[in-house]
1. For the range 64-71, indicate whether the set of residues that are assigned to a strand (DSSP E or B) and modelled with pLDDT of 90 or more is non-empty.
2. Given the criteria hydrophobic (A, V, I, L, M, F, W, C), closer than 18 Å to Trp372 by Cα and out of contact with any Ser or Thr (no Cβ under 7 Å at 6 or more places or on another chain), does Val497 qualify?
3. Out of all the residues in the range 96-106, is one or more modelled with pLDDT of 95 or more and in contact with a Phe, Trp or Tyr (Cβ under 6 Å, 6 or more places away or on another chain)?
4. Starting from residues that are in a loop (DSSP other than H, G, I, E, B) and polar (S, T, N, Q), keep the ones in the range 263-290 and report whichever is surrounded by the fewest Cβ atoms within 10 Å (Cβ to Cβ).
5. Somewhere in the range 426-443, is a residue more than 20 Å from Thr353 (Cα to Cα), buried (at least 23 other Cβ atoms within 10 Å of the Cβ) and modelled with pLDDT of 95 or more?
6. Check Thr113 against each of (1) surrounded by fewer than 19 Cβ atoms within 10 Å (Cβ to Cβ); (2) of a type in the set (Val, Ile, Thr); (3) at pLDDT 95 or above and name the one condition it does not meet.
7. Please find, within the range 531-586, the residue that is surrounded by the most Cβ atoms within 10 Å (Cβ to Cβ) out of those that are part of a loop (DSSP other than H, G, I, E, B) and touching a Pro at 6+ places or on another chain (Cβ under 6 Å).
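The values are calculated or read from the model by the stated rules, or taken from the named source; none is laboratory data. A quick note: this is a predicted structure, and the numbers were derived from the prediction, not measured. As a convention, Cβ positions derive from the backbone with ideal geometry for all residues, glycine included, and neighbour counts pool all protein chains shown.
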Amino acid sequence: MKKMSIFIFLISFLFSLPKSEFLSPKHQQLYSPLPLSTGLEKISLPVNISPTFTTSPGILLSRTFIDYQSNGTLGSRIEFANNTWGFDWMHSPDSNPSYPNRYCYYNAYFDDTVQLGMGVQASGMYRAGYVTFGMFPDGKACCFFHHSREGVFYSALTIEIAPQTGIFGDPIEPDVNLSPYGNEIIWPHGTIGNNGIIHVLGYGRPPTAGASEDFYYSRSTDGGNTFSNWMPIMNDTVMACLSGDIYAQPDGDKVVVAYTSNLPERHSQVLQNVWIRESYDRGATWQPPRQITNYQYPTDTLPHEFAYADCDAIYDLNGNLHVVWTEILSMVGSRGPATYPGFSRIRHWSEQTGITLVSGIGHLQVVGDSWWYSPYPNVQNDAWRRPADRPQLAIDNYGNLYCVWVGNLDTTDISQGRRINGELYAAVSTDGGRTWGVKGRIGEVLNLTNSPSPGASPGMCEDDDYFSLAPFAVGGYLHITYINDKDAGGVPQNEGVVTNNPVLYFRVPCTLLVEVGIAQENNKYSPKTNFSIFPNPTSKKVNITYSLSQSSSITIAIFDISGKMVEILENKRKEKGNYKLTWNTKGRKGTYFCLFDDGNKIYKKKIIIN
């Protein structure tokens, strides 16, 4: 009955569309399956080089003309060690959409300052891209990427010569052997585990569209001097999307590869199950692959749930594994698997909880209420992306689990090119992944970036995308890096216009998501804070004043009466002193709340806007 109800709703939804939308040749493609992913770049797009600005929150690390950062699963591009935050990203200084110059770039943040200007090139002389990141315990950065040498693509990495210098050695290729099928192994996801072991996961690039390959693993136990030969992960070639990621316990022996793999009946990225493969001895030996979801090939043409093209995994403080992924609704018709309309949501699994829902209530007008949906879900708009996707996990010192993903609950926030202007959303679980919400409100989620730009033209979008979440909440904050794409879509997939996009580092107080169990680990004092708001009630502007008796990292945010974050006014470290700032209410009316976090205590004041 549930399946039939959803099916009836989808048919009703389809025929309720305006006739011009429903019958146009472009929209007739809605029923067609998505093309198979090969990662090949075919770019022929216009360029917009207008001055770049952003209303999305964060600290500017750099700007890059390439918005797209990864195929499928995002991987890690931010890590912390030895009081240093390190970041890398796929960078291009060129407005030429073919990106003849493309590198792995790096920047560092410590002593409350971005240290390396707009970043430094970490990759070597060859064209490089599709980067991930790790850090050794002493703070040395390790950047992973692939590059092209003598007409052949190789996975590679480079290691910082000394911590906090931004000076890197020559690129190292873990294993120059091709896959057993003669394919290049590229798109590496890397991490640094216990004892400084380097773990690398690569993918055998299919030579032709529609082909597929395996994932391959290699490791180094001597700081990158030598690497093991590539080891196949799945032992088959039924993978149609670049979903694999790797995570290693920083203080334990476990390593996990999480990925999605096709149902055997059909080769399609929209018909997937989630799999894991674990090592309990730091990558020396591996357990057999294990399927953790049980999506079945349909025997009808009704919509059914499946895993999509991205997932993430982490071990909690007790060594229990947690996995999150994007779940979609898909159906199989005469033309093959298709997804219409574009429904998705975020799921979680652990051995202790089974499968649970992360992304909450979703769009209330949708059957089931837990689905997020896009009003324009076709292969010409947001190809490879879903209305909620790309989840990543983090954990704090108290065992709370955090999940961040990309999506938008505001279906009007579409760019001029009719692509979703993404926001970063988050939910927290304080019970090991059984339930998810915000501050005890199960099913609610928090919009972290909250920078709508409906109808924005190229150069004016606030599309927050291609983020990476640090796996640990350091200092009571979630630490995120992301691309503020100035025209929604992924340029290497022929989406949108080439723009100069800010690369941002964003810190989110955990106290915005959970009220108990969070403390600032690094605080050794309790600063005295005076916090006031005037005029109140008001009709236009609110003045917020505060004083700090000692320097502290502070956050000031505005929430509406439902608990949704409206705007972050401050998120930075401040020295001892008196401060004042103004919030322009921008025509709002009603009751709002101003939350002030001085790094030790949360203050909240009501604001009445007439």
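1. Yes, the conditions are met somewhere in the range 64-71.
2. no
3. Yes, there is a match, as at least one residue in the range 96-106 is modelled with pLDDT of 95 or more and in contact with a Phe, Trp or Tyr (Cβ under 6 Å, 6 or more places away or on another chain).
4. The selected residue is Thr285.
5. No, because not a single residue in the range 426-443 is more than 20 Å from Thr353 (Cα to Cα), buried (at least 23 other Cβ atoms within 10 Å of the Cβ) and modelled with pLDDT of 95 or more.
6. The failed condition is (3).
7. Checking each candidate, the answer is Gln550.
Let's see how each residue does on (1) modelled with pLDDT of 95 or more; (2) polar (S, T, N, Q); (3) surrounded by fewer than 23 Cβ atoms within 10 Å (Cβ to Cβ):
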position	(1), (2), (3)
Phe145	yes, no, no
Ala162	yes, no, yes
Phe168	yes, no, yes
Leu178	no, no, yes
Trp187	no, no, no
Ala209	no, no, yes
Asp222	yes, no, yes
